[in-house]
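One structure is given below, encoded as structure tokens.
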Amino acid sequence: MKEFIEGSAAIARTIKMCKPGVISAYPITPQTHIGENLVQFIANGEMECQFVNAESEHSSASIILGVSAVGVRAYNSTSSQGLLLMAEVLYSIAGMRFPLVITCANRAVSSPINIWNDQQDSVTLRDSGWIQFYAENNQEACDLHIQAYRIAEDQNISLPVMVCVDGYILTHAVEVVNLPDQEQVDGFLPPLKPLHVLDPQDPVSMGVLYDPSSYMETRYAIQETMSEALELIPRVASEFKEMFGRESGGLIQEYRTSDADKVIVAMGSVVSTVKEVVDEMRGEGEKVGAIKVITHRPLPSQALYDSLKDVPEIAVLDKSISLGAAGPLHMDLKYTFQGKNVSPKISGFVAGLGGRDITRDSIREIFDRLSGEQINCQFVNLDVEQMVNAT
């Protein structure tokens, strides 16, 4: 059913239909509305679920870890510093192979204090062993959560999934979202069947000490599972389309790239702006296109290579920065083409940090700059006067 609804409220409605048994989250802007809506559902008797209050994000992550250990579906949402405070526990969740789902309402990290959107928080944890999805709009955000549980709980995967949603731009935006009914979700998402649970009648050990003779094998196992996830994610997206009647999720999405000689690669809500500019420039006779990265981890290297191998000039637009290096997605794409027979020009641009607007003019500027020398790390819309004051 289509509704005109705030993004956070739509996500909360979707989580309700996924039927977690326990939710634990700590309030932090801009994800707080998600938790508020879920608490209201529980208080109204609309969810058979327990909300566990915690004194911090670290504690809330620890709670859902414990809940998953006893075989119960769980959920958490967080943002920015809260996500980073969870980092220790998030690594443990992945290492213990618990199929949890978290929403990250993307927000800049301190210091200086900034509550507006970029993707530094989740990108910083791209190496934690969590599968990461990035939503372009609120419809995709809702759909990705349903698919996230299905993928995480697949017994051949059993890894946690983080659904990343741009703070304010999506979480507080009111737009039309086609929310499924409960029967559809139940048909797509079966009850959780965990591989291992803590049970006094059948005791097992979890999270035990691994010495150098065996620790590396655990990392290898997660790496191999990530490769398997690259095969499962498109299959789940295909099944989702068949059941729900819309295309959503998957690894990447191509937009007007078949004959493009310039393509921008990006992830999250900025892709909508890129698509608008692509349409405008196509109308002016320019052969431009866009690639949306939905799955950031595992990195869909083969899919990116197949889509971009015939494109001579590529721009990667990052809303995060690996300080001292370059944009993380830019470096990922450079890795994708390493050792291949084709060597396109791949330029990297960093934009939107701390919520700075990425306008149509910004996107046009990126396309225009592709005509020159390859750019390794170019900040877009940088205010020189502000830079002098900041230093």
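The values are calculated or read from the model by the stated rules, or taken from the named source; none is laboratory data. Just so we're clear, the structure is a prediction, and the values are computed from it rather than from any experiment. Quick reminder, even Gly has a Cβ in these numbers, built from the backbone with ideal geometry, and neighbours come from all protein chains shown.
Val316 - would you say it is among the β-branched types (Val, Ile, Thr) and in a helix (DSSP H, G or I)?
Here the answer is no, as Val316 does not meet what is asked.
Looking across segment 338-387, just one residue is among the aromatic types (Phe, Trp, Tyr) and in a helix (DSSP H, G or I), and that is Phe367. Here Glu385 meets each of (1) free of Cβ contacts under 8 Å to residues at least 24 places away in the same chain; (2) charged (D, E, K, R); (3) within 16 Å of Val263 (Cα to Cα) with one exception, condition (3). On inspection, Arg97 qualifies as out of contact with any Cys (no Cβ under 9 Å at 6 or more places or on another chain), at positive phi, among the basic types (Lys, Arg) and modelled with pLDDT of 95 or more.
Is it true that Val176 is in a strand (DSSP E or B) and surrounded by fewer than 18 Cβ atoms within 10 Å (Cβ to Cβ)? Spelling it out, Val176 is indeed in a strand (DSSP E or B) and surrounded by fewer than 18 Cβ atoms within 10 Å (Cβ to Cβ). Mind listing just one residue for me: the one in segment 297-352 that is within 13 Å of Val263 (Cβ to Cβ) and of a type in the set (Gly, Ala, Ser) and, of those, farthest from the chain's Cα centre (by Cα)? So the residue we want is Ser347. Under the condition of being touching a Phe, Trp or Tyr at 6+ places or on another chain (Cβ under 6 Å) and not hydroxyl-bearing (Ser, Thr, Tyr), which residue from segment 336-391 is nearest to Ser322 (Cα to Cα)? Taking the candidates together, the pick is Val350. Where strands (runs of 3 or more DSSP E) fall wholly inside segment 221-298, the ranges with 3 or more residues that are in contact (Cβ under 8 Å) with a residue 60 or more places away in the chain, crowded, with 17+ Cβ neighbours inside 10 Å and touching a helix residue (DSSP H, G or I) at 6+ places or on another chain (Cβ under 8 Å) are 262-266, 288-293, 295-297. Within segment 323-337, is even one residue in contact (Cβ under 8 Å) with a residue 40 or more places away in the chain, at negative phi and assigned to a strand (DSSP E or B)? Among the residues of segment 323-337, not one is in contact (Cβ under 8 Å) with a residue 40 or more places away in the chain, at negative phi and assigned to a strand (DSSP E or B), which makes the answer no.
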